[in-house]
Amino acid sequence: MRYLPVTDQERKEMLEKIGINSVDELFSPIPEKVLLKNQLNLPTAMSEMELDSLMSELAEMNTGSKMSNFQGGGCYAHYAPAAIDQMLLRSEFYTAYTPYQPEISQGTLQSIFEFQTMISKLMKMDVTNASMYDGATAAAEAVIMASKINGKRKKAVIAGTVHPHYIKTIRTYAANIIEEIEILDIDATTGTIKESELSKIDENTICVLFQYPNYFGSMENVFKISEIAKANKALVIAAVTEMTMLGAMIAPGDFGADIAIGEAQSLGLAPNFGGPGLGTFSAAEKHIRKMPGRLVGKTVDKKGKECFVLTLAAREQHIKREKATSNICSNQGLMTLAVGMYLSIMGKNGLKDVALMNLKRKEYMLNKIVAETKAVKAFSASSYNEFTILLPQNAKQVADKMAEKGILAGISLSKYFPELNNALTVTVTELNSYEEIDSYVKTLAEIIGG
């Protein structure tokens with residue numbers, strides 16, 4: 001049966017009501033030269049069996065899923081327990097949206113509350129909101145929030161080692177809010193912020209935002225940056241794009257971050273061609289009133305039973321527009337549920353095991369590359385599961401040759417850092433077996449020499 005939402009008679013009545021004679025007349029303001037004159041070149045209808053066969057053929061063209069993957073750069077391939085995808089198929093979950101009627105959204109509110117609690121513990125921060133679109137928008141919202149707290153100051157300081165997408169997003173969001181955005185230069189030896197650049201943090205600085213591990217995989221001197229920022233009464237914003245790292249390494253709360261943002265895609269979400277991601281946003285309790293998004297809280301109802309409520313929803317849809325902290329309009333409900341499931345299943349010890357597996361395999365791979373190929377370690381700073389190597393030739397060309405042999409070798413840095421056209425950032429996770437790593441190094445040696 002065909003789906004006919006409007007009959008000819010109903011269409012005629014609607015056109016008469018608005019005073020025109022045809023649908024074409026409705027679109028008359030559109031310039032003639034951009035109008036489609038012919039029918040779309042679409043194939044004829046297929047039976048279900050034919051369509052299934054075609055989709056299988058198209059899926060076979062996606063060779064990426066069959067390749068050894070050593071790419072990261074903000075989107076990482078980790079193992080996600082099968083229970084996550086199975087549970088997300090439940091209809092009450094996969095249709096989840098903002099709980100506008102808390103009294104009938106107790107399950108959704110509880111899952112968000114549990115997510116907030118787990119992220120707060122992971123980040124070692126006082127409070128976490130119901131989530132943001134992704135790490136980049138969380139970073140932008142953090143800088144804007146800082147400008148509201150330090151309103152009389154004019155300058156936001158951003159480490160040049162932060163993910164380029166995050167920096168671009170911050171510039172876009174804050175273009176008409178913050179007078180100056182200063183990007184700190186990179187130390188070519190360590191792959192971190194130049195220590196001399198920290199002198200640019202002064203009494204006019206709203207906040208200092210840095211990422212650790214940074215875009216090159218290098219660990220910033222988080223205590224030094226935090227100390228200088230606090231000495232100048234600037235807010236410390238820490239960005240974590242690889243959150244499995246927190247299973248074994250220092251958390252933002254350990255060095256006194258005022259705001260901690262993250263990309264939680266690593267925690268149970270597949271890379272999915274780059275999305276969807278899940279931004280996390282945590283802060284010190286004293287800044288809670290300036291936070292964007294929503295906060296779900298736990299209380300008791302009039303019968304004394306435990307229940308969950310929207311405790312804080314400071315966006316323009318809930319309160320007077322001029323009093324809103326942000327217009328961010330989604331809590332990424334399904335993604336928060338997946339991450340909550342992942343953290344619940346893995347537990348504290350499981351997440352620690354994942355982090356240590358990543359560290360161990362990274363060390364094995366990096367040492368093997370340096371020992372058996374002509375590539376060298378690009379930066380002296382320590383790293384987690386991501387590192388940068390310098391090749392004796394153009395990195396993109398090498399990566400293309402590796403791809404021909406079934407290996408996604410890493411990310412060429414030349415797109416954002418032209419001076420590093422021989423640099424390749426490589427990521428290794430628990431999904432990369434030692435056999436895969438050995439094959440990578442052998443193939444790389446064949447291409448660039450051993």
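The values are calculated or read from the model by the stated rules, or taken from the named source; none is laboratory data. These numbers come from a predicted model, not from an experiment. Cβ sites come from the backbone with ideal geometry, for glycine too, and all protein chains shown count toward neighbours. Just so you know, the surface numbers come from the protein's heavy atoms only, side chains and all, with ligands and any DNA or RNA stripped out. Shrake-Rupley method; radii C 1.70, N 1.55, O 1.52, S 1.80 Å.
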Restricting attention to the stretch 365-400, which residues are among the small types (G, A, S) and either in a helix (DSSP H, G or I) or without any contact (Cβ under 8 Å) to a residue 60 or more places away in the chain (or both)?
A371, A395, A399
For the stretch 402-414, which residues satisfy the criterion of being outside any loop (DSSP other than H, G, I, E, B) and either of a type in the set (A, V, I, L, M) or closer than 25 Å to H78 by Cα (or both)?
M402, A403, E404, I407, L408, I411, S412, L413
From the list P271, P276, which one is more than 14 Å from H78 (Cα to Cα), modelled with pLDDT under 95, of a type outside the set (D, E, K, R) and under 14 Å from the mean Cα position of the chain (by Cα)?
P276
Of (1) open to solvent by 40 Å² or more (accessible area, probe 1.4 Å); (2) at pLDDT 95 or above, A260 fails just (1)
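Is one or more of the residues making up the stretch 110-118 at positive phi, charged (D, E, K, R) and either touching a residue at least 24 places away in the same chain (Cβ under 8 Å) or part of a loop (DSSP other than H, G, I, E, B) (or both)? It would help to see each step written out before you state the result.
Keep residues of the stretch 110-118 that are at positive phi, which gives none.
No, that holds for no residue.
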Specify which of the listed residues (M55, M14) is open to solvent by 100 Å² or more (accessible area, probe 1.4 Å), assigned to a helix (DSSP H, G or I) and under 30 Å from G406 (Cβ atoms).
M55
Specify which of the listed residues (N69, N41) is loosely packed, with under 15 Cβ neighbours inside 10 Å and either among the polar types (S, T, N, Q) or modelled with pLDDT of 95 or more (or both).
N41
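Please specify each residue of the stretch 105-155 satisfying the condition of being among the aliphatic types (A, V, I, L, M), open to solvent by 30 Å² or more (accessible area, probe 1.4 Å) and more than 18 Å from the chain's Cα centre (by Cα). Write out each step before concluding.
Within the stretch 105-155, the subset among the aliphatic types (A, V, I, L, M) is 109, 112, 118-119, 122-123, 125, 127, 130, 132, 136, 138-140, 142-146, 149.
Still in the running and open to solvent by 30 Å² or more (accessible area, probe 1.4 Å): 118, 149.
If the condition is that a residue be among the aliphatic types (A, V, I, L, M), open to solvent by 30 Å² or more (accessible area, probe 1.4 Å) and more than 18 Å from the chain's Cα centre (by Cα), then I149 is the only one that fits.
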Give me the pairs: first residue in the stretch 333-349 and open to solvent by 30 Å² or more (accessible area, probe 1.4 Å), second residue aromatic (F, W, Y), beta-carbon distance under 8 Å, and six or more apart or on different chains, which are they?
L334/F93; L334/Y94
Any idea how many residues of the stretch 72-87 are open to solvent by less than 60 Å² (accessible area, probe 1.4 Å) and closer than 27 Å to Y166 by Cβ?
9
Has the stretch 423-432 got at least one residue that is open to solvent by 10 Å² or more (accessible area, probe 1.4 Å), in contact (Cβ under 8 Å) with a residue 40 or more places away in the chain and not charged (D, E, K, R)?
yes
May I ask you to list the residues in the stretch 368-395 that are open to solvent by 60 Å² or more (accessible area, probe 1.4 Å) and under 24 Å from the mean Cα position of the chain (by Cα)?
S382
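Step by step: first the residues of the stretch 156-184, then only those that are open to solvent by 60 Å² or more (accessible area, probe 1.4 Å) and of a type in the set (S, T, N, Q), then the one that is nearest to S218 (Cα to Cα). Which residue is that?
So the first thing to find is which residues in the stretch 156-184 are open to solvent by 60 Å² or more (accessible area, probe 1.4 Å), and the list is 165, 168, 171-173, 175-177, 179-180.
Those still in the list that are of a type in the set (S, T, N, Q) too: 172, 176.
Details: T172: 26, N176: 32 Å.
The extreme case among them is T172.
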Any residue at all in the stretch 32-39 that is out of contact with any His (no Cβ under 9 Å at 6 or more places or on another chain), among the β-branched types (V, I, T) and assigned to a loop (DSSP other than H, G, I, E, B)?
no
Can you name the residue in the stretch 294-325 that is surrounded by 16 or more Cβ atoms within 10 Å (Cβ to Cβ), small (G, A, S) and within 24 Å of T117 (Cβ to Cβ) and, of all such residues, is modelled with the highest pLDDT?
A313
